[in-house]
Amino acid sequence: MARRRRYYYRRKSPKEELVDIASGIIGLFILGLFGWAYTHREQAILYGIIATVVLVVGVILYFVLKKRAHDNRGLAFLSDDKILYMLKGMSPAQFEKEVADMFEGLGYKAEVVGGANDGGIDVIAHKDGKKYFIQCKKFITREVTPHEVRDFLGAITNINNPAEKGFFVTTGNFTMMAEKAAEGNPRIELIDGLKLIKYYRLSYGKDAVPEDLPAQQPAATQDEKICPQCGGKLELRTAHQGDYAGKQFWGCSNFPKCRYIKNIK
């Protein structure tokens, strides 16, 4: 005689019972929603359109804010060398747009105007009713010459279309003679790669935005102006890393070819 199989009833756990109850409630809600939509078709269509628009706008805002937060966070973790490498890798038109955006972040209203016959003026900025000219030179190794600086000075002081001040921005460096061509002239400021990084970080809100971009760097004494190793010009800089972070020192303008520094006592 065959043996009869035995079946055992396994009692569900409280967690499983709770899941079953929740599933039943959700199912009833969905059925009720479909029933309401069937009997109120016009209202259901209207509410559906509104919900879709709200969902789409919410998704767009989410990704925009996420990208902005990622950009700002990414900049904070990038080293100065990587930021400069990124700027040098842009096309001239992209670099002009980036410089215009940088000045926007510094409180100016800037517009790219560069073109085939721009007269050395790539960006025009306005602030407090005053006009500023900006020339952008995206160089990888070449330095800005005194001829280029003097030409830009001529555009700034043009009697037919003068500007309050001009900013000559480059990812490279200025030759010693180019710096001399602008020395002592408050109408022009030279922004080399190192100073560009400082303003670039300021434009992202890492520090308080100044009322106006700083004037030329504080004058050094006669002994401090010339690098004793290569004869280049010493510039006032601020350490960003290490034990001396936040402290200022004199560094050679020919860095990284010349790494001479002179600490400020």
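Every number here is computed from the coordinates shown, using simple stated rules; none is lab data. Nothing here was measured: the structure is a model prediction, and the numbers come from that model.
For Val144, what residues show an amide H to amide H distance below 5 Å, using hydrogens built from the backbone and excluding near sequence neighbours?
Excluding prolines and chain starts, which carry no amide H, the hits are Asn173, Phe174, Thr175.
Pairs Lys180/Lys262; Lys97/Lys130; Lys131/Lys247; Lys88/Lys233; Lys131/Lys180; Lys127/Lys195: which exceed 27 Å Cα-Cα?
Beyond 27 Å: Lys131/Lys247.
With θ set to phi - 60° and the Karplus curve 6.51 cos²θ - 1.76 cosθ + 1.60, what are the ³J(HN,Hα) couplings of the stretch 135-145 in order, to the nearest whole Hz, using x for Gly and Pro?
10, 10, 10, 8, 10, 9, 10, 5, 9, 6, 8
Taking amide H positions as placed in the peptide plane 1.01 Å from N, state which residues far from Ile226 in sequence (5 or more) or on other chains have amide H under 5 Å from it.
Counting only residues 5 or more places away or on other chains, the set is Leu234.
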